[in-house]
Amino acid sequence: MTEMRGGQDTDIKALHHRSQVADARLDVAEDFGWAVAGLSALLAGVSWHWLAGVVALLPVYFTITKPYRTDATRAEDAFHSAAGTGKYSPVFQREDD
């Protein structure tokens, strides 16, 4: 990590913590999403046809996890932007000549 001064260091630490919390929430949402998607696929398969269960699996999972995935992506992007790492690293910055 680059050397920081004063309040900028605490801001980066706070953004890093927010990114970690968002990732943890996403992990929980993914576990919950698979459980609900599996249950809905099972119910759809028993109620109608086995193909309905297969078709219901992924849309239910992605519908449940989308808000958490978006939040985790935004939090991680904010952290990397403030810290100057990842795709915001000076190594990856394009210089216009």
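Coordinate-derived values only; no laboratory data. As the structure is a computational prediction, the values presented were derived from the model and not from experiment. For neighbour counting, all protein chains shown are included, and Cβ atoms are generated from backbone atoms with ideal geometry for every residue, glycine included.
What is the angle, in °, between the Cα long axis of helix 7-47 and the longest principal axis of the Cα atoms in the chain? Nearest 10 is fine, range 0 to 90. Taking Cα atoms only, the helix is inclined about 10 degrees. May I ask for the angle, rounded to the nearest 10°, between helix 50-83 and the longest principal axis of the chain, with both axes built from Cα atoms and the value confined to 0 to 90°? The two axes meet at around 10 degrees.
Checking the a/c ratio against 1.5 first, then a/b against b/c, what shape does the Cα gyration tensor give for the chain? Before the final figure, lay out the partial values.
Numbers: a/c = 6.06, a/b = 2.59, b/c = 2.34.
Note, shape of the chain comes out prolate.
Given R0 = 25 Å, the distance between the Cβ atoms of Asp31 and Asp11 translates into a calculated FRET efficiency of 0.20. For Gly38, neighbours were defined as the other residues whose beta-carbon sits under 14 Å from its Cβ, and their charges (Lys and Arg +1, Asp and Glu -1) total -2. Rounded to the nearest 20 debye, the dipole magnitude of the chain is 340 debye, with +1 charges on Lys and Arg beta carbons, -1 on Asp and Glu beta carbons, and the Cα centre as origin.
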